[in-house]
Amino acid sequence: MVDYQESESYALLSYNRIDGITLSERVQLPNLSRRALFHTITELSGLLQSIHDRGVAHRDLRPDNILIGQKGEVYLIDFDQAVVTDARSASKIDVFGETIGAVRPCVSVRRLMALIDQEREYDSIVSELAAIWRLGAQSDASSPGRNIAYYRWLFGDIVFPGERDWHGRWSLMYGALRDILPGSRVLDLGCNQGLISVHCMLYGAESVTGSTGTPPSLRRLVISRTQRA
């Protein structure tokens with residue numbers, strides 16, 4: 001439970017203890033896989049977007065201020081340099097490392113990856129995601145003739161353009177799937193860019209099968225079971 005107290009001489013912000021290790025410590029462990037790094041950047045990107053939507057810029061984005069929980073969840077700590085601004089400015093300050101007026105930025109997310117010696121891996125992941133987005137933009141499934149991907153996604157300091165905000169969509173999905181996802185087997189019908197499939201795997205699914213189209217026989221089966229339920 002967060003508590004805030006203010007007096008004439010000081011201000012105090014308190015919150016629950018988080019059991020985890022810093023990002024600096026996490027990258028020193030021998031089992032940091034590409035999947036784990038991808039998950040960390042994904043969680044951090046969503047967390048930053050969440051606070052930026054509220055007009056808050058953290059301004060001290062460094063490895064020792066990012067905690068990794070026991071299940072890979074990401075937390076931001078140490079808000080003593082945070083400022084309240086607007087969502088657009090907050091994103092520029094934290095994500096891209098820009099100066100806004102008199103407000104100085106912290107390091108960009110890409111610079112953060114360099115600080116933990118993961119810049120090359122980060123660039124490789126971004127390059128692969130960019131290729132996926134180019135393919136997604138060519139699909140007529142959701143935006144015929146418009147050459148735009150279905151989802152818009154902030155990953156690190158890269159905004160992959162699209163029609164719908166993925167962070168908000170996944171937040172709703174994960175809230176419903178959180179308790180049943182670990183160890184589950186998922187069938188993603190009409191997977192489009194595969195974001196649902198990828199995130200289900202990142203957040204605990206044992207296996208995921210994505211289908212870009214739904215055969216009529218399977219569609220009838222799904223509808224029939226839904227009606228009985």
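The values are calculated or read from the model by the stated rules, or taken from the named source; none is laboratory data. Since we're looking at a predicted model, the values are computed, not measured. Glycine also receives a Cβ, built like all others from the backbone with ideal geometry; neighbour counts cover every protein chain displayed. Accessible surface is based on the protein model in full, side chains and every heavy atom, while ligands, DNA and RNA are left aside. Shrake-Rupley method; radii C 1.70, N 1.55, O 1.52, S 1.80 Å.
Details
- Positions within region 137-160 being part of a loop (DSSP other than H, G, I, E, B) and under 18 Å from Leu48 (Cβ atoms), in sequence order: Gly156, Asp157
- Among residues of region 137-158, those that are within 27 Å of Val109 (Cβ to Cβ) and open to solvent by less than 80 Å² (accessible area, probe 1.4 Å), counted: 11
- Annotation note: of Ser50, Ser14, Ser24, the sole residue that is of a type in the set (Ser, Thr, Tyr), touching a residue at least 12 places away in the same chain (Cβ under 8 Å), within 27 Å of Arg169 (Cβ to Cβ) and surrounded by fewer than 18 Cβ atoms within 10 Å (Cβ to Cβ) is Ser50.
- Among the residues of this structure, Arg152 counts as one that is modelled with pLDDT under 95, touching a strand residue (DSSP E or B) at 6+ places or on another chain (Cβ under 8 Å) and of a type outside the set (A, V, I, L, M, F, W, C).
- Counted residues, region 124-141 - those being in contact (Cβ under 8 Å) with a residue 12 or more places away in the chain, of a type outside the set (Val, Ile, Thr) and touching a Lys or Arg at 6+ places or on another chain (Cβ under 9 Å): 1
- Condition check for Ser108: free of Cβ contacts under 8 Å to residues at least 40 places away in the same chain, surrounded by 16 or more Cβ atoms within 10 Å (Cβ to Cβ) and not hydrophobic (A, V, I, L, M, F, W, C): no
- Residues that are touching a Gly at 6+ places or on another chain (Cβ under 6 Å) and within 22 Å of Thr40 (Cα to Cα), drawn from region 56-86: Leu67, Ile68, Gly69
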